[in-house]
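In what follows, a structure is listed as structure tokens, so that the remarks can point back to it.
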């Protein structure tokens with residue numbers, strides 16, 4: 001059904017996009033129980049690093065039209081990421097233990113410490129759009 005395959009770099013954006021869409025009345029379906037089930041399943045995937053799991057969620061829950069909306073949004077996000085200037089690095093003071101925790105998580109996620117902070121803290125801070 002999907003024309004765009006979700007890859008690892010898409011996961012964060014796709015999950016955030018789906019969470020917003022699932023809050024819209026009747027976007028997924030007018031069956032409230034199904035919407036709640038989809039939200040619950042998506043919530044389990046919010047920290048996944050496996051694109052195939054998110055792809056499976058989309059294939060199971062989204063219609064062709066909804067899939068097309070997600071595909072279009074992912075394409076736009078990919079272009080934005082390609083042309084986005086790199087953020088200016090800053091220094092942060094933290095305890096050695098905090099750094100070790102972040103570093104280990106970054107290693108497990110195959111990403112940078114900055115990406116770990118963005119991925120795991122974004123939902124807990126009201127900072128607008130990613």
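The values are calculated or read from the model by the stated rules, or taken from the named source; none is laboratory data. Source: prediction; values computed, not measured. Here the Cβ positions follow ideal geometry from the backbone for every residue, glycine too, while neighbour counts run over all protein chains shown.
Return yes or no: is residue 58 under 18 Å from residue 21 (Cβ atoms), exposed (fewer than 14 other Cβ atoms within 10 Å of the Cβ) and in contact (Cβ under 8 Å) with a residue 12 or more places away in the chain? Quick ask: steps written out before the conclusion?
Numbers: under 18 Å from residue 21 (Cβ atoms): yes; exposed (fewer than 14 other Cβ atoms within 10 Å of the Cβ): no; in contact (Cβ under 8 Å) with a residue 12 or more places away in the chain: yes.
Here the answer is no, as residue 58 does not meet what is asked.
Working only within the range 61-79, note down all residues that are out of contact with any helix residue (DSSP H, G or I) (no Cβ under 9 Å at 6 or more places or on another chain) and either without any contact (Cβ under 8 Å) to a residue 40 or more places away in the chain or within 21 Å of residue 23 (Cα to Cα) (or both). Break it down stepwise before answering.
Step one: filter the range 61-79 for residues out of contact with any helix residue (DSSP H, G or I) (no Cβ under 9 Å at 6 or more places or on another chain), giving 63-65, 68, 71-72, 75-76, 79.
Across the range 61-79, the qualifying residues are 63, 64, 65, 68, 71, 72, 76, 79.
Could you tell me which numbered condition residue 33 fails, if it satisfies all but one of (1) out of contact with any helix residue (DSSP H, G or I) (no Cβ under 9 Å at 6 or more places or on another chain); (2) assigned by TED's automatic domain parsing to the domain that holds residue 121?
(2)
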